[in-house]
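Enquirer: The structure follows.
The values are calculated or read from the model by the stated rules, or taken from the named source; none is laboratory data. Because the structure is a prediction, the values reported are computed rather than measured. Heads up, the Cβs are rebuilt from the backbone with ideal geometry, glycines too, and the neighbour counts pull from every protein chain shown. Quick note on the areas: whole protein, heavy atoms, side chains included, nothing else; ligands and nucleic acids left out. Shrake-Rupley method; radii C 1.70, N 1.55, O 1.52, S 1.80 Å.
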Amino acid sequence: MVSLTSFSQSISSSPYSLYGVGSLYDSDFGPIPSMGSSGIALPSDSFINNLNPASLGFMPLNHFMLDVGGKAIATTYQSGSLTEKRNNFQFSHIAFAFPVTKNSGFSVALRPYSSSTFKISNLILPIADSQETYSLTAAGSGGLNNFDFSYGYRFGKKLTVGASAALLFGNTVDDRTFTVLNSTTTVHKRNDYNGLRAVLGSQYVIDSTFTIGTTFKLPARIKSSKVQSVETTNDGVVTVIESDVASDIDDYYMPLEIGVGISKRFKNVLNLSLDYEKSLWKDTKQSELYGDFVNQDRFALGFSYYNPKKFRKYWDRVKYFAGANFDTGYLEIDGKRVNNASVSIGLNLPIENTFSAFNISYSYGQKGRIANNLIKENYHKISINLSLDGIWFVKRKFE
């Protein structure tokens with residue numbers, strides 16, 4: 001299904017968003033995009049860490065943080081000897097976090113969870129048990145949103161635990177036209193989704209330079225419903241088969257996802273962050289007409305450099321980042337995995353003398369492959385996150 005003709009006219013998102021509720025969206029906060037999306041073991045002591053709710057237990061007292069961001073993506077799609085380029089800008093997230101006590105913190109965030117935008121033009125497919133073919137034209141839009149609340153608590157100076165409750169909601173719209181000889185059938189379908197998902201996390205400080213973290217994203221059932229209209233045109237005569245008929249469809253299931261990460265600091269200037277995450281999509285027992293869900297492995301590596309002893313010049317306060325990310329993908333099409341790999345670099349540009357900063361990162365990555373009618377995506381991505389920090393409820397010492 002994901003063949004060359006599937007992007008012959010217009011695509012504003014990955015053609016792989018045809019599957020399920022769309023392509024999963026990476027909307028990381030602060031400098032995390034610069035670090036290969038690693039950071040399960042990083043504390044929320046100077047920015048909001050969306051990868052682990054336990055990190056909120058390290059929030060400094062009286063500091064209220066706001067994080068908002070967006071992405072600019074330039075993608076080249078390849079299949080066989082043909083290519084196509086697309087550019088788009090996407091909203092990434094908005095989040096707010098603050099300490100509740102000296103040992104705990106709370107955050108609320110809104111971000112996209114998935115994007116289902118694709119366009120297929122004049123795709124020729126065979127009719128089962130026949131020598132005849134038919135033409136398919138399709139377009140999709142929409143996706144799911146993630147609205148979550150997180151809380152983290154620190155026990156003493158070593159252990160923090162946290163939990164998140166996420167509301168997943170949204171809809172996808174799918175318009176398809178099937179043409180066989182002089183007969184055309186048009187199907188307009190809107191699927192609505194809503195459900196809750198819980199995330200548990202922990203972080204443990206081994207010493208001042210070494211921290212480990214874990215996350216557990218629990219399985220969840222996302223309820224689904226459909227409204228559909230169908231009409232046919234035969235020799236100019238239009239016949240309405242269905243008109244806005246509501247019905248239930250198979251629910252969408254989120255898998256158990258287990259993550260572990262480490263953070264290690266060297267000579268107080270270089271920090272390494274390494275994550276591994278396993279997503280058990282196969283256990284959801286879901287499948288697509290054109291592919292299957294399979295278990296996913298994700299590896300993320302990140303580095304940051306910052307020398308806190310030098311403050312004489314502005315550039316002495318800038319933090320530098322680099323990272324890499326690889327995941328095996330959760331889709332298998334014609335026996336081939338749709339994997340993804342990327343590398344990234346970035347800067348944290350401080351604003352004034354607080355934790356406020358302007359984060360900018362550049363990533364280059366590849367998704368999919370040119371084989372078995374699959375599409376390979378080569379993308380350049382610039383992520384911009386504005387992290388604002390305000391010190392509230394502190395009594396003035398000087399008038």
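Enquirer: Checking residue 20 against (1) open to solvent by less than 10 Å² (accessible area, probe 1.4 Å); (2) touching a residue at least 40 places away in the same chain (Cβ under 8 Å); (3) in contact with a Leu (Cβ under 9 Å, 6 or more places away or on another chain), which single condition isn't satisfied?
Expert: The failed condition is (1).
Enquirer: Find the strands (runs of 3 or more DSSP E) located wholly in the range 164-243 whose residues include 1 or more that are within 30 Å of residue 270 (Cα to Cα) and touching a residue at least 12 places away in the same chain (Cβ under 8 Å), and list them.
Expert: 183-207, 210-217
Enquirer: Can you name the number of the only condition in (1) surrounded by fewer than 16 Cβ atoms within 10 Å (Cβ to Cβ); (2) modelled with pLDDT under 90 that residue 219 fails?
Expert: (2)
Enquirer: Something else: Residues being farther than 30 Å from residue 190 by Cβ and of a type in the set (Phe, Trp, Tyr): count how many of those fall in the range 235-287.
Expert: Qualifying residue count for the region: 2.
Enquirer: Within the range 252-278, can you find the residues that are in contact (Cβ under 8 Å) with a residue 40 or more places away in the chain, loosely packed, with under 14 Cβ neighbours inside 10 Å and not in a strand (DSSP E or B)?
Expert: 268
Enquirer: Mind counting the residues in the range 84-102 that are part of a strand (DSSP E or B), in contact (Cβ under 8 Å) with a residue 12 or more places away in the chain and charged (D, E, K, R)?
Expert: Residues that pass the stated criteria total 2.
Enquirer: Moving on. Of the conditions (1) under 25 Å from residue 252 (Cβ atoms); (2) among the aromatic types (Phe, Trp, Tyr); (3) at pLDDT 95 or above, residue 153 fails just one. Which one is it?
Expert: (1)
Enquirer: So, residue 279, is that one modelled with pLDDT under 95 and either in contact with a Phe, Trp or Tyr (Cβ under 9 Å, 6 or more places away or on another chain) or within 25 Å of residue 168 (Cα to Cα) (or both) or not?
Expert: Judged against the criteria, residue 279 is a match.
Enquirer: Within the range 103-148, how many residues are of a type in the set (Gly, Ala, Ser) and under 18 Å from the mean Cα position of the chain (by Cα)?
Expert: The total comes to 7.
Enquirer: Then there's this: Before we move on, is residue 26 within 30 Å of residue 284 (Cα to Cα), among the charged types (D, E, K, R) and without any contact (Cβ under 8 Å) to a residue 24 or more places away in the chain?
Expert: When the stated conditions are applied, residue 26 passes them.
Enquirer: Also: Could you please give the count of residues in the range 383-399 that are open to solvent by 30 Å² or more (accessible area, probe 1.4 Å) and either in contact with an Asp or Glu (Cβ under 9 Å, 6 or more places away or on another chain) or at pLDDT 95 or above (or both)?
Expert: Number of matching residues: 2.
Enquirer: If you don't mind, there's one more thing I want to ask. For the condition within 25 Å of residue 171 (Cα to Cα) and touching a residue at least 12 places away in the same chain (Cβ under 8 Å), what is the one hit in 140, 105?
Expert: 140
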